[in-house]
Amino acid sequence: MADFWDNFKHALRMFRANPGFTFAAVAALALGIGINTAIFTVVDAVLLKPLTYPAPDRIVQFLITSPQGDVVSSGMSIPDFVLFEQQTSVFQDVAAYDWGGPGFNLTGDRPEQVRGVHVTQGYFHLFGAPLVLGRTFTAKEDSPNGGKVAVLSYGLWQRKFGGNPNIIGTALSLGNEPYTVVGVLGKSFISDADADILLPFQFDPNSTNQGHYFSAAARLKPGAPLAQANALLKVATGQFRQRYPSWIRSKEDFTVEPLRDMVVGDARKSLLLMLGAVSLVLLIACANVANLLLIRATGRKREFAIRAALGASQSRIVLQLLVESVLLSLTGGILGLLLGYIGMRGLLAMSPGDIPRIGEHGGAVTIDWRVLAFTLGVSLFTGILFGLFPALGASRPDLNSTLKDSSNRSGTGFQQSKARSLLVISEISLAMVLLIGAALLIRTFLALHKVNAGFDSHNVLTLEMSLTGDRFQKTAGVTQMVREGREQLNAIPGIETSASVSCLPMDSNVGLNFSIVGKPEDDPLRNIVRWISASTGYLDLFRIPILRGRDFTDRDTAGAPGVVLINETMAKKYWPKEDPVGQQIVIGKGVGPEYEEPPRQIIGIVGDTHNNGPGQEPFPLMIVPQAQVSDGMTALTARMRPVTWVVRTHTDPHQFIPAVSEQLRKASGGFPVAHVRSMDEVVVGTTARESFNMLLLSIFGASALVLASIGIYGLMAYSVQQRTQEMGIRMALGADRSRIRNLVVWQGMQLTIAGVVVGICAAFGLTRLIASFLFGVKTWDPIVFVTVPVVLAAVALVAVWLPATRASRLDPIEALRME
């Protein structure tokens, strides 16, 4: 410890004596460690922290999967849920909860739309929901006709009701209907849906409803492994299929997966990609600092030789140099922690808002002990990593030759700096990999924006309205409200037209099966396509072309013959050699009696819209008139998602928000609107994840490029400095200035070319890791693999040109006089 303390004080003196070296090394490390800390903080919050529920590792979610193990659906039906409840040998606390789609309308003096979910009685016990007041639902309240009761979140209780301790037993108005408050959840409870109000599902256990509109989860019993649960479910699936042969496909199975994996979803791959990218930046920073230490160690050769001659052991010299490198890395780590916090806040500010477990759905991201341990570990590891090789090299000096030399420059020419050259080559190759990855994502982003969405999004305002209450459980009530709402909206000056739709283009849709009248169909669930309902004027508002046939009219009412529009993709897939216009289809057969309806006639084929985002091909789509939707389907869609109003304006749509909101509130009987956006904002949001990934990787690539260029500049500047006498001799013997400059440039570009070649080879393999993030571009895109090396070489040329120009301006006489 005494030796360590002496080395520590000596290291501080050395750093004070060399402020330029210290600043450069600490700055490079702070950048590398800082961005790693920022990304790890988010990775820790999303992937590493356990869920905030009791025994979270034993909570599983029920899924429908294909034979290949791919998730077909996470949505379940009431008969599915009843089946899961019967598997008591491996599961306990089986619960169902919907996705909180439409929200609830708190009506009264200040109407407000709040987030809400329907849950079964076991939900609270499964997720360990604490209570500050009252109780949760009873079994009777969670049964059909069990009454209208509600449990409030802590946040809503405080914000809307001022933390009233006497709230239990009082009534609140939801959709103009009274609900009795029976409980208030604790502040610490955070659900994935982040609900303000929870209502009982009130399932009928004898229902044959095959609407898959909620999720189901359970807790594995102690000692019951996941494999045993899935084996049991496989047997239960077979029994379920025998009882309901048309309700689950022959090659699909019910399975369970850890809830944590389902919550994280595809964010895992994106976050791990970013963590790998910032690790490469850290390696480049380490290579930079290692180069600085090698240069510094070369300048201290005589010092180490004298110390060795006076009896210093190799281990003592190695320890001293390691203490210096670790002290550097710890200083960089402290600054990196600060930069990491700033970077983390910036990262969350730039994020598209759909990263699971953070933000409003998962609480705050904080610098906790895991992040501190990670930063400390990275700092120590990098200090040893970049310090060990220079320390070992400096601890074995050639005493005879070193002490005889009168100059610290001897033996330090370009050919004698292979280690430093290899470090620079590695920096360039790593920077090449990051830049190619960033360029591929930029090309993906541009390709997505070139996709023809199939509709006109400009000057369109969208507003969502939750239709709750008995009035809107029937199609007639919704139709009347839509008609009155459109009349009032179209009367507003500056509004061109308006419509309502169950789901916007480029948004997720309900899936429903259909069968073609006159064609045999063994499996009623085989043909499942996307389904939306829309009012008249929908196609005209979005300027979606009608390729054949006609649009809906006001005559397509509930009493008129059923009609349907299909998109071009559906026509090509199911009628490849014939014209579907005029043919009839049956929608919802076998799903449940409340969804079945008489045959509908196909009256037209419309152009495709990218109904799941521009990055995916259009799905087959059916559009039915809102006035002809069955009552069962109206009730289901009202529970799953809000109705969306769309308004086309002559000017900027945002200025019409107050007038439109007021007219819709009148038409609906006091219901508020929420999630107000322009359609242009909706379209931009569909590529937000790709934009976020592109921006981050571009930042990391730019950081790598800067560090690599600094590395090659530092090496060439040092090489010129050490070879001053050689340059003077060359010029004295007749070499002109351009020859000296070209010599230095060529030596630097040799390193660049070597790094570029290695980087291209590495990129060919590593870009496969981002293949799933790409659209419209190959992992070996020739434009990227030509442009990026040229850009990197150009930056490197600038970096080596500066010391080369300095070398060409040397005065031969002054150079020969140097020590």
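The values are calculated or read from the model by the stated rules, or taken from the named source; none is laboratory data. Not measured: the values here are computed from a predicted model. Cβ placement follows ideal geometry from the backbone for every residue including glycine, while neighbour counts extend to all protein chains displayed. What goes into the accessible areas is simple: the full protein's heavy atoms, side chains included, and nothing from ligands, DNA or RNA. Shrake-Rupley method; radii C 1.70, N 1.55, O 1.52, S 1.80 Å.
Placing unit charges on each Cβ (+1 for Lys and Arg, -1 for Asp and Glu) gives the chain a dipole about its Cα centre, and among SER630, ALA558, ALA373 the Cα reaching farthest toward its positive end belongs to ALA373. When the surface is traced with a 1.4 Å probe over the full set of protein chains, TRP801 keeps roughly 110 Å² accessible. Here the Karplus relation 6.51 cos²θ - 1.76 cosθ + 1.60, evaluated at θ = phi - 60°, turns the backbone of the stretch 251-263 into coupling constants of 9, 9, 9, 7, 9, 10, 9, x, 4, 4, 5, 6, 5 Hz, with x for every Gly and Pro. Cα centroid distance between the stretch 68-119 and the stretch 527-555, in Å? Measuring centre to centre over Cα atoms gives 31 Å. The peptide list 256-262, 730-736, put in order of mean Cβ contacts within 10 Å with the highest first, becomes 256-262, 730-736. Can you give the accessible area of HIS458, probe radius 1.4 Å, in Å² rounded to 10? Number for this one is 110 Å². Counting only protein chain heavy atoms and rolling a 1.4 Å probe, the accessible areas of PHE785, PHE84 rank, largest first, as PHE785, PHE84. Ranking of LYS49, LYS140 by solvent-accessible surface, largest first: LYS140, LYS49 (1.4 Å probe, protein heavy atoms only, all chains present). TYR244 contributes an accessible area of around 40 Å² to the protein surface, as traced by a 1.4 Å probe with all chains present. Computed from Cα atoms, the angle from the helix 631-640 axis to the main principal axis of the chain rounds to 30 degrees.
To test your reading of the geometry: what angle, between 0 and 90 degrees and rounded to tens, separates the Cα axis of helix 475-490 from the longest principal axis of the chain? Approximately 60 degrees, to the nearest ten.
Tell me, what are the semi-axes, in whole angstrom and largest first, of the equivalent ellipsoid of the stretch 450-556 as set by the roots of 5 times the Cα gyration tensor eigenvalues? List each step's numbers first, then the result.
Working: eigenvalues 151, 82, 42 Å².
In descending order, the three semi-axes are 27, 20, 15 Å.
Ordering PRO576, MET350, TYR53 by the projection of their Cα atoms onto the charge dipole of the chain, which places +1 on the Cβ of Lys and Arg and -1 on the Cβ of Asp and Glu, puts MET350 at the extreme positive end. Rolling a 1.4 angstrom probe over the protein heavy atoms with all chains in place gives the stretch 59-158 an accessible area of 39 Å² per residue. Calculated mean residue ellipticity at 222 nm for the chain: -16000 deg cm²/dmol, from DSSP H runs with n ≥ 4 weighted as -39500 (n - 2.57), summed, divided by the residue count and rounded to 500. Note: relative contact order over the stretch 447-567, using C-alpha pairs below 8 Å and six or more positions apart, is 23 percent.
Just to confirm, what accessible area per residue do you get for the stretch 419-461 at 1.4 Å probe, in whole Å²? Intermediate results must be reported in sequence, preceding the final value.
Numbers: 1480 Å² over 43 residues.
Computed with neighbouring chains in place, this is 35 Å² per residue.
Here the chain exposes an accessible surface that is 59 percent carbon and sulfur, computed with a 1.4 Å probe and the other protein chains kept in place. Using the alpha-carbon centroid of each, what span in Å lies between the stretch 740-819 and the stretch 178-253? Each part reduced to its Cα centre gives a spacing of 58 Å.
Convex hull of alpha carbon positions in the stretch 149-259: directionally averaged projected area 10.1 nm². What whole-number distance in Å separates the alpha-carbon centres of the stretch 452-483 and the stretch 327-346? So the separation of the two Cα centres works out to 49 Å.
Compared with the dominant Cα axis of the chain, that is its longest principal axis, helix 19-43 is turned about 20°.
Measuring between alpha carbons in the structure, the pairs from LYS221/LYS251; LYS140/LYS160; LYS269/LYS572; LYS49/LYS221 lying more than 31 angstrom apart are LYS269/LYS572.
Counting only protein chain heavy atoms and rolling a 1.4 Å probe, the accessible areas of ASP507, ASP44 rank, largest first, as ASP507, ASP44.
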